[in-house]
Amino acid sequence: MSFFKKNTSIEFLAIGDIVTDAFIRITEAHTDCDNGHCELCLAYGDKVPFESVDIIPAVGNSANAAVAAARLGLNAALVAGIGDDKEGQECLAALKKEHVVTDYISINKGKKTNYHYVLWYEKDRTILVKHEIFTYTLPTKTVPQWLYLSSLGGNTETFHDEIANYVEQHAEMKLVFQPGTFQMKLGTERLARIYKQTELFFCNVEEAERILNLLSQAHVEKHTHVKNLLNGIHALGPKIVVITDGPDGSYGSDGQKQFFLDAYPDQKPAFERTGAGDCFASTTTVGIIQGKTLEESMKWGSINSMSVVQEIGAQRGLLTKDKIEAFLKTAPEGWNAQAL
């Protein structure tokens, strides 16, 4: 695990909500799927037994990204808001243990720290969410090298404007954008300045369709469909676009070359998939920060995601740089990007 590097600038500053997740593992349920849309079904009005509960503090898209970056050797920090409660203190302690700089986390008096309930059934999860309204503080005495923006709750439209101003005022800083649910609901017009200033963009296939208001096209070959999605996201402004497709791989584009990369094979069946996308995005970003090509960086992301899904939650399975490089040495022969 990396140690905090004193007297150095912030290399990776993540912005986004932080949360405590309560993973409730259930077995007496079933899924009802129709045309790719699945619903988790429980007996209504009944007492539903659960198998276990695991409480994991200091998670969320951006918190997961900051922890991943710190484990990979970067001087990483987080901008977030917490309440003045026990859960908030637990979140701070967990981040400090991971050597994430917490100077920019605001403690909001009278507020509760975000607390989500994760209904964990088989390999996937359904999350019950409630976002508190917090204040946020951007650094004024130091400028991070990379800004990583991800999920923020409602009522943060003005803060997004502040972030856009901040990026415009610091041309030497590069922006990474991995939009969350609320940011996608805000729409591309409302966040046009964010999209236009983005160096590196991440989402999955379904999210890209939602962002572009482009329905899935069953009659179109998958790679062709994703090429259209990549081009559509580029048109919004991002220079580099990465679209993930879960265990089916990922797609990358630097605006000139586009390619597909198979997922790194699971070492054993996935245990739980929370945080795989966050891990892929943040690890790929770290690879680029450390001078690797987009393909090399996405290989890093794929390996780290493979590890994350072997553990519960988004952070326990995160790897160090040495462990990722060890997996690279034993990668399947021919595991390389395929041009689209």
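The values are calculated or read from the model by the stated rules, or taken from the named source; none is laboratory data. Keep in mind it's a predicted model, so treat the numbers as computed, not measured. All Cβ positions, glycine included, derive from the backbone under ideal geometry; neighbour counts span all protein chains shown. For the accessible areas, the whole protein counts, side chains as well, though only heavy atoms, and no ligand, DNA or RNA atoms are used. Shrake-Rupley method; radii C 1.70, N 1.55, O 1.52, S 1.80 Å.
Give the average over all directions of the projected area of the C-alpha convex hull of the range 171-275, one decimal, in nm².
Projected over every direction and averaged, the Cα hull of the range 171-275 covers 8.0 nm².
Which translational diffusion coefficient, to the nearest whole µm²/s, is obtained for the range 262-315 from the Stokes-Einstein equation, given a Kirkwood hydrodynamic radius over C-alpha pairs, 25 °C and 0.890 mPa s?
224 µm²/s
Using the Kirkwood radius over C-alpha pairs as Rh, can you work out the diffusion coefficient of the range 232-285 via Stokes-Einstein at 37 °C, viscosity 0.692 mPa s, in µm² per second?
Answer, rounded: 263 µm²/s.
How long is the gain from K97 to K292 if the chain were fully straight, where each residue apart is worth 0.36 nm and the alpha carbon distance is subtracted?
Length difference between fully extended and current span is 67.4 nm.
Per 5 Å bin, what percent of the C-alpha pairs of the range 222-340 does each bin hold, from zero upward?
2, 12, 23, 24, 20, 12, 6, 1
So what's the convex hull volume per residue for the Cα atoms of the range 131-171, in Å³?
Per residue, the Cα convex hull of the range 131-171 comes to 75 Å³.
For the chain, which cysteines have no disulfide-compatible partner, meaning no other cysteine Cβ under 4.7 Å?
Among the cysteines of the chain, those whose Cβ sits 4.7 Å or more from every other are C41, C91, C203, C279.
Can you pull the three principal axis extents for the Cα set of the range 1-124, in Å, largest first?
Reported extents, whole Å, longest axis first: 56, 35, 24.
Got a number for carbon plus sulfur as a percent of the chain's accessible area, 1.4 Å probe?
Carbon and sulfur: 49 percent of the exposed surface of the chain.
DSSP beta bridges in the chain, what fraction antiparallel, as a percent rounded to 5?
Rounded to the nearest five, the antiparallel share is 45 percent.
So what is Rg over Rh here for the chain, counting just Cα atoms and using Kirkwood for Rh?
Rg/Rh: 0.95.
Length gain on complete extension for the stretch R193 to L328, per 0.36 nm per residue less the alpha carbon to alpha carbon distance?
44.9 nm
Quick one: Cα centre-to-centre distance for the range 167-208 and the range 289-320, in angstrom?
Cα centroid of the range 167-208 versus Cα centroid of the range 289-320: 21 Å apart.
Dividing the Cα convex hull volume of the range 91-150 by residue count, how many Å³ per residue is that?
So the per-residue hull volume is 148 Å³.
Between Q338 and L212, what is the FRET efficiency for a Förster distance of 30 Å, r being their Cβ-Cβ separation, to the nearest 0.05?
It comes out at approximately 0.80.
If only Cα atoms are counted, what is the Rg of the range 149-223, and what is its Dmax, in Å?
13.8, 45
In square angstrom, what is the accessible area per residue of the range 201-340 with a 1.4 angstrom probe?
45 Å²
Taking the radius of gyration and the Kirkwood hydrodynamic radius from Cα positions alone, what is the Rg/Rh ratio for the range 101-229, to two decimal places?
Radius of gyration over Kirkwood radius for the range 101-229 works out to 1.01.
Full-extension gain between K47 and Q256, please, as 0.36 nm times their residue separation minus the C-alpha to C-alpha distance.
69.7 nm
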